[in-house]
Structures are given as structure tokens and as C-alpha cells.
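Encoded as C-alpha cells, the structure appears first; notes follow it.
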2 protein chains.
Amino acid sequence: MSEPEALAVSDRSRLRRKRQRGSYDRRVVDAILDEGLVCHVGFVDHGTPFVLPTAYARVGDVVYLHGAPGNHMLSTLAAGCPACLTVTLLDALVLSRAAMHHSMNYRSVVLFGSTTPVLDPEEKRVAVTAVVEHVVPGRGLDARAPTPQELRATAVVSFPIVEGSAKVRTGGPVEEPADLSLPVWAGEVPLRLVAGTPVPDADVPAGLAEPDYLRSRLDRLAAG
Amino acid sequence: MSEPEALAVSDRSRLRRKRQRGSYDRRVVDAILDEGLVCHVGFVDHGTPFVLPTAYARVGDVVYLHGAPGNHMLSTLAAGCPACLTVTLLDALVLSRAAMHHSMNYRSVVLFGSTTPVLDPEEKRVAVTAVVEHVVPGRGLDARAPTPQELRATAVVSFPIVEGSAKVRTGGPVEEPADLSLPVWAGEVPLRLVAGTPVPDADVPAGLAEPDYLRSRLDRLAAG
């Protein structure tokens, strides 16, 4: 393993409150990054913070993002600005007897760093394919590969997995002792993202079945 | 209706690319805000953009956020800094025949503004109760109400629903005409957040059933 085993702790990545929920462990961080489908990227343009959702993929020690070169986020990030990349997985609603103690169970990763433009066509191809593979493993080999022209017309940036932290809340509500005897139901409501029945587009021939890798992906989503 | 019917269009909220997916319509914006469970809030501290997930609730023309006063995000936002608030709902994976044209169907709202600290105890109570009601309608009346001490120990900020936009992608893949004849399955995989069986905590008496409002909430989540 050439990967570092822990994220760097800095003033901005040091966990402040509820430290027991936090982790700098790369295994925890990578598992969350690999399970999420969408990240929220923060950057500053003319003093305004922007937070935009986008697809991504982790490859080793970086997260790749891509998009049209005219895309505001990609063009800003391609200049190499400070950014924050957050992935949040929602696991449960947590209902406590007291209004104030309601919570959610979640797993999140917050990364800090500066993005680097990816200009090498081969690394761009790896990045674009990784994003497809991240969403549906196996798809990257089945789908028509990007052409050199398509890669030239795509902006790719890499975000370093170096500085940041993960936060994980699990378990039921945390109550005031006096509230425990209230006649109010309390507990967890598990949540998960589930895939429905795939809908082929109008041009898929009748004899072309859903690929096995898609079925595996659906099973994994359904199993939570 | 005293609500404005559209968000303000500014340099930072004007939709740039894929404008046909965008909307400034408050009905579209509010429906997305009301369906989401978690928002991602962006703010800048010492030049670093932060993006953190948190619970929220819309009440009329504002979004309320709350947390411990020592919480980094809340203490920064309570000072009234420029912020961005984003809610993203993921509706489908979109598999195209070409790697480059994979996409997702989603509904998102991006709001820009400055937060205002909420200091009035009554408005704080409304805000805290709204966050509980937002997650499980009916719960705000059932759970033990916040005490004056609890409200004093909670930081609340409001975020204006004035400037920003919604973006909605629906439908199947957009393909290059030459790719349509490829023997590659293409289409949509619907995604939805589903609630599992509630797990009461250890102190819920055996005779205390799940409340009806929780059952309604679960049905609504299950129905997508």
C-alpha cells in the first residue's frame, strides 16, 4: 500500500465538536467516497462561496471531477483555487423524545485542498472512465470509449485526498435522563438509496438485455 | 400569497450552461427545499471554503439552520457572512452508450445570501420546531418542546430565499446519432430514498406503538 493511512490534521481539518464521531482514517474516508454518487464542491468566486453538486470518482489519492470547459465550476477549479469537497451519505432519521435532540445518522467526508487541472489525454481518459466506473462498475468497458476530440472538449481536475476528515454518527437518540419516561416513541428510521427498475431508452433493441454488471449494481443498491 | 414568485437573477445566480434545465420559479425551488432532508452549506473562513451538511427547514421565505453555538459553521454564519445553501435530490442514473454522455437526473437548488442570526426566543422556537416538522411532519407537536434554557443554548440562523436558482434534469441519455446503433444498453435507473423498518430505542415501552404521523412519513418515503 503506497496510500497514506491517515489524512493530515490541520487547523481547518481538525475536528472541533463531537470528536468521537470523527476520523482521519483513510479506510473510513475512502469507503465513504467510494459509496457516494454525488459530491458537493465548494469554491469562492469574487468573494461568493459556491456549492455545486457533481459526479466524481476516487482513483488512489485523488478525486476526479469533469465537465464542460465552459462550466463555471470547472473553469474556476481548473485555475487551481482553494476548494472543499464534501460527500454525505444519509443512513437514518433519529427521533428523540425531545424536539431539541432529533438528529440523523450519516457518514460524511470533508476534504480541503486546491484542484489541479488534468491536461494529459491519458490521465483525462482514466479520470472520465473512473467516473463512469464509480457509478456503475463494469460500465467503463462496455460504453463507447471517449474519443480524443471528446477528451479535448472536456475539462478534468483532480482534488487531493490529503487534508480533511470523516464524520460518522450511528445509533439511537441521545436523551436527557428526565425525558426517558415520556410517552413519546423514539428511535431510528433507517434510510437507504434504492434503485428502481431500469428504463431502457427508445433506441435499445428488444433483444438487448440489461447487462449483468448493471444487475449487480442494482442488487448492491437494493441491499443498501 | 405574499411570497415572491421568482428568485432574483444576479450575476452569480444567472444560469450559464444548460439553461433549459434551470428555473427561478419559487414553486420549483420550494418543492425541492421541502423534499430534501440535508442541505450543504458553503461559507468562507480565513480564505478557505467550507462545505458542511446539515438539517434545515424552510419557513416561508427563509431557510433555518440550527446547532450548538460552539459549532464552527453556526458561529461563523451567526456573524452574518456570505454563504451558499444547496439542496440536491438524486432521481436517476442515466446510462448513455458513450462513456462521455453518462449523466444523472437530479433536482437541485442553489441559494446565495448572507445569514442572519435569530435571537428572538419565539422565532428560535419556531425554527427548531420547523426543522423537526420538516423531517417528520407531526413530530413537532408530539416531541417534548424546547425549554427556554435549550433555546438559549442553541444557535439559529436564517438564510434568505431570494437569490439563486433551481436546476432539474429529467429523461434519458442524450446521444451522438452515430452511437444509437451500438449494441450497448442505455437508459435510466431510477433512484429513491427509502425508509426501512423503524427501530425503537431500548427505553420505548412495549405498548407504545409507532405514531401514525411516522407511518405516514414512511409511506411517503417508500412511495418516492
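Taken residue by residue and averaged, Cβ atoms of other chains lying within 10 Å of the Cβ of A:203-211 number 4. So how far, in whole Å, is the C-alpha centre of the stretch B:98-132 from the one of the stretch B:1-56? About 7 Å separates the Cα centre of the stretch B:98-132 from the one of the stretch B:1-56. Each Lys and Arg Cβ is given +1 and each Asp and Glu Cβ -1; about its Cα centre, the protein assembly as shown then shows a dipole of about 480 debye. In this label model, A:Leu141 and B:Arg152 are separated by 6.5 nm, measuring between points 7 Å along each Cα→Cβ vector. With its label point defined 7 Å out from Cα along the Cα-to-Cβ axis, A:Val199 lies at 3.4 nm from the matching points of the other copies, in increasing order. For chain B, averaging the sequence separation of C-alpha pairs within contact (under 8 Å, six or more residues apart) and dividing by the residue count gives a relative contact order of 25 percent. Can you work out D for the stretch A:123-224 in µm² s⁻¹ from Stokes-Einstein, where Rh is the Kirkwood radius over C-alpha pairs, the temperature is 25 °C and the viscosity is 0.890 mPa s? The Stokes-Einstein estimate is 131 µm²/s. Once Lys and Arg get +1 and Asp and Glu get -1 on their Cβ, which of A:Thr154, A:Pro173, A:His134 lies farthest toward the positive end of the dipole of the stretch A:131-204? About the Cα centre, the residue reaching furthest to the positive side is A:Thr154. Here is the size of the stretch A:36-144 from its Cα atoms: Rg then Dmax, 16.8, 56 Å. Each listed q (0.14, 0.17, 0.29, 0.32 Å⁻¹) maps to a log10 I(q)/I(0) for the stretch A:16-59, found by the Debye formula over equal Cα scatterers with no solvent: -0.51, -0.70, -0.96, -1.02. Close amide-amide hydrogen proximity is noted between B:Val63 and B:Phe159, B:Ile161, each under 5 Å apart and 5 or more residues distant or on a separate chain (H modeled in the peptide plane; Pro and chain starts excluded). Counting every alpha-carbon pair across chain B, the share separated by more than 24 Å comes to 55%. In this structure, the residue pairs whose Cα-Cα separation is over 29 Å, taken from A:Lys124/B:Lys167; A:Lys124/A:Lys167; A:Lys167/B:Lys124; A:Lys18/B:Lys18, are A:Lys124/A:Lys167; A:Lys18/B:Lys18. Each other residue within a Cβ distance under 10 Å of A:Val87 adds +1 if Lys or Arg and -1 if Asp or Glu, for a net charge of 0. Which of B:Ser75, B:Ser10, B:Pro121 sits farthest toward the positive end of the charge dipole of the stretch B:9-123, with +1 on the Cβ of Lys and Arg and -1 on the Cβ of Asp and Glu? Sorting the options by dipole projection puts first B:Ser10. Rg/Rh for the stretch A:92-143 stands at 1.30; both radii use Cα atoms, and Rh follows the Kirkwood definition.
Inter-chain Cβ neighbour count for B:143-149, averaged per residue, equals 5 (cutoff 10 Å, partner chain atoms only). Sorted from nearest, the other copies put their B:Arg27 label points 5.2 nm away, the label point being 7 Å from Cα in the direction of Cβ. Inter-chain neighbour count for B:80-89: the average number of beta-carbon atoms from partner chains within 10 Å of each residue's beta-carbon is 4. Close amide H pairs (under 5 Å, H built 1.01 Å from N) link A:Leu191 with A:Ala92, A:Leu93, B:Gly196, residues at least 5 positions away or on another chain.
How long are the semi-axes of the equivalent ellipsoid of the protein assembly as shown, defined as square roots of 5 times the Cα gyration tensor eigenvalues? Whole Å, largest first. Mind showing how you got there, number by number?
Numbers: eigenvalues 258, 130, 97 Å².
Each semi-axis is √(5λ); the values are 36, 25, 22 Å.
Computed from Cα atoms, the angle from the helix B:121-135 axis to the main principal axis of chain B rounds to 40 degrees.
Net charge near A:Val156: determine it from the other residues with C-beta under 12 Å of the C-beta of A:Val156, scoring Lys and Arg +1 and Asp and Glu -1. Working shown, then result.
Details: positive: A:Lys124, A:Arg125, A:Arg152; negative: A:Asp120, A:Glu122, A:Glu123, A:Glu150.
Charge balance in the 12 Å sphere: -1.
Values in this text are rule-based calculations from the coordinates and carry no lab data. For clarity, every value in this text was computed on a predicted model and none was experimentally measured. Because the Cβ atoms are built from the backbone with ideal geometry, glycine has one as well, and the counts that use them run over all protein chains shown.
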